[in-house]
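To start, the structure under review is shown below, and the notes come after it.
Laboratory data are not the source of any read-out in this text; all were calculated from the coordinates shown. Values in this document were obtained by computation on a predicted structure and should not be read as measured data. Glycine also receives a Cβ, built like all others from the backbone with ideal geometry; neighbour counts cover every protein chain displayed.
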Amino acid sequence: MAACDLLIKNAAVLKDYETLEENVDIAVSEGVIREIGKGLGEKWEAKEVLSGKGKLFMPGLIDSHMHTGQQLLKGLVLDAKPIIWTRIMLPFESTLTPEKMRLSAQAAALEMIKCGTTGFVDAGSYFMEDAAAVYGESGLRGALSYSTMDEEGLPASIAMDAEGAVKRTDDLFDHFHHKGNLKVYYSLRALNSCSNKLVELAAKKAEERETMLQAHMNEYMGEVSGIVKREGMRPYEYLEKMGALGSHFLGAHSLILTEAEIELIKERGVRVCHCPFSNCGKAVPDTPKLLEMGIPVGMGTDGAAHGGLSLWNEMKIFRSIMNIYHGVPNGNPKVMPAERLFQIVLEGGAAALGEEGSLGRLEAGYKADMISINMDQPHLCPTGNKLHTLLECVNAGDVWDMIVGGRLLMKNRKVLSLDEERIMYESRKYMEARGQ
Ligand SMILES: [Zn+2]
């Protein structure tokens, strides 16, 4: 008998985005899946055994774009007049403090664990060292960034020049890149808010340090036309000219793209991601085409202010948008099937985290990041197709266990790495005191 840390027995297992097997065991040790198959109890002796009866295990969901610093804006953005970035988000972020960021990260980590999100990419905020310390404790896997921009007229608390902006990420990188499950990415908030000098500096640093560079891209018409006016070319063409594109570049949103930009994205190996709930008020991307071309597409929530951090919601919304926009006019009901949606969240998410080949599947040698769903509930059972039910009917509250890097972060919906009750109390107290 070989020794392992954890053995999951007799579960239904979604091994990737489409392959589902019944009565399977999973052996995990040192953070990695060692073996997956039937009857592993005969071969592996485990320190801890989890019963898979009535459960479905699958790779943990990956949020390719979220904002820790907007966690305390939940409920304060819906139906607001555009552009909420300048009217609500920016003023709010300029008032963040280390205490608020700690609370934001605690609330975000707690929400992600309860929603089945094992990995995330933070799109950039402030006091990220404080957030990083919390995420380290939470056990989640994540990439963190500093909000990076140097435009004139920003509130004094967040105004900085190009060197100062990039230096913040340098320091965060030195302290937290590859510390536990964390990575640090360079970021450009949005091209309109960044000088040529800043774009050049951030791109150079990301390349030197072999990490990713991310930016909000092609999200609003006004933003795109601002760059066309300033630079005489489209946003992705501008980044190509600046030498910033490559497989280390993550373009969030990427909604309003020309043919030439899509070709550039493909040629340079750029990764993109969409945020369906947030994007609904802006534009509909041509995702079927991007996927057909082999471009890695992930899915993000865009932070808790845009409808919370549940990727289960985002998948349902995205499926509906894709069907009505691309499916119905072409008489194609299968324009965005369940398999494709899980592929976006899992494989696109692994690409956004720079973890292709190590995340997004339950397979020997892959990192042990997984969740279980309690399928033994009236709204999920019986079902003639578990994969379809997973997409159509499962919600965040059905996520039962979470394992990240082999560590149990939630068991039977009890969060083990964070104090749920205290975080709920503190964040409620914050919201009540707001504006007093
Ligand atoms: Zn965003």
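Would you calculate, for the chain, the mean residue ellipticity at 222 nm contributed by helices, counting each DSSP H stretch of 4 or more residues as -39,500 (n - 2.57) and dividing by all residues, to the nearest 500? One gets -9500 deg cm²/dmol as the mean residue ellipticity at 222 nm.
Along the stretch 143-153 the Karplus relation, 6.51 cos²θ - 1.76 cosθ + 1.60 evaluated at θ = phi - 60°, assigns HN-Hα couplings of 10, 10, 9, 8, 4, 10, 7, 9, 5, 6, x Hz to successive residues, with x for each Gly and Pro.
Of all lysines in the structure, the ones whose alpha carbon falls short of 19 Å from that of Lys74, not counting any fewer than 8 places away in one chain, are Lys100, Lys114, Lys429. Converting phi to 3J(HN,Hα) with the Karplus coefficients 6.51, -1.76 and 1.60 and the offset θ = phi - 60°, the stretch 61-77 yields 6, 10, 8, 7, 7, 9, 10, 4, x, 10, 4, 8, 9, 4, x, 10, 10 Hz in sequence order, with x at every glycine or proline.
Taking a straight Cα-Cα cut-off under 19 Å and skipping sequence neighbours fewer than 8 places away in the same chain, the aspartates and glutamates within cross-link reach of Lys47 are Asp5, Asp25, Glu30, Glu35, Asp369, Asp401.
Using a 10 Å cut-off on Cβ atoms, rank the peptides 226-234, 241-249, 101-109 from the highest mean neighbour count down. Don't jump to the answer; show the numbers that get you there.
On the way: 226-234: 14.7, 241-249: 18.2, 101-109: 25.1.
Listed from highest to lowest mean packing, they are 101-109, 241-249, 226-234.
In summary, the lysines within cross-link reach of Lys43, defined as a Cα separation below 25 angstrom excluding same-chain residues under 8 places away, comprise Lys9, Lys15, Lys53, Lys55, Lys367, Lys411.
Annotation: amide H of Leu50 within the under-5 Å range of Leu7, Ile8, Lys9, sequence separation 5 or more or interchain, hydrogens built in the peptide plane. For Phe120, the residues whose modelled amide H falls within less than 5 Å of its own, excluding neighbours fewer than 5 places apart on the same chain, are Asp63, Arg141, Gly142, Ala143. Shape analysis of the stretch 227-374 places it in the oblate category; the axes a ≥ b ≥ c from the Cα gyration tensor give an a/c of at least 1.5, with a/b not above b/c.
Around the amide H of Asp419, modelled in the peptide plane, lies no amide H under 5 Å away from a residue 5 or more places distant or on another chain. Placing +1 on the Cβ of every Lys and Arg and -1 on the Cβ of every Asp and Glu, with nothing else charged, gives the chain a dipole about its Cα centre of roughly 740 debye. Taken about its Cα centre, the stretch 145-280 carries a charge dipole of about 280 debye when Lys and Arg each add +1 at the Cβ and Asp and Glu each add -1 at the Cβ.
The smallest convex shape that holds all Cα atoms of the chain, its convex hull, gives 141 Å³ per residue. Scalar couplings 3J(HN,Hα) for the stretch 321-326, obtained by applying the Karplus form with A = 6.51, B = -1.76, C = 1.60 to θ = phi - 60°, are 5, 4, 5, 6, 8, 9 Hz; x denotes Gly and Pro. To the nearest ten degrees, helix 221-231 and the longest principal axis of the Cα atoms of the chain are 50 degrees apart. For the chain, the antiparallel share of DSSP beta bridges with both residues in that region comes to about 45%. Among Ala156, Met217, Phe57, whose Cα projects farthest towards the positive end of the dipole of the chain, with charges put on the beta-carbon of Lys, Arg (+1) and Asp, Glu (-1)? Result: Phe57.
Angle of helix 128-138 to the longest C-alpha principal axis of the chain, folded into 0 to 90 degrees and rounded to 10: 10°.
Here the Gaussian network model covers the chain, with springs between Cα atoms less than 10 Å apart; of Leu50, Leu309, Leu72, Leu50 fluctuates the most.
Starting with the highest mean, order 84-90, 11-17, 349-355 by the number of other Cβ atoms within 10 Å, averaged over the residues of each peptide.
On the way: 84-90: 15.6, 11-17: 21.6, 349-355: 25.6.
Ranking, from highest mean packing down: 349-355, 11-17, 84-90.
Taking the chain as a Gaussian network of alpha-carbon nodes connected by springs under 10 Å, the highest mean-square fluctuation of the residues Glu22, Glu420, Glu208 belongs to Glu208. Which angle between 0 and 90 degrees, to the nearest 10, do you get for helix 162-176 versus the longest principal axis of the chain when only C-alpha atoms count? Approximately 20 degrees, to the nearest ten.
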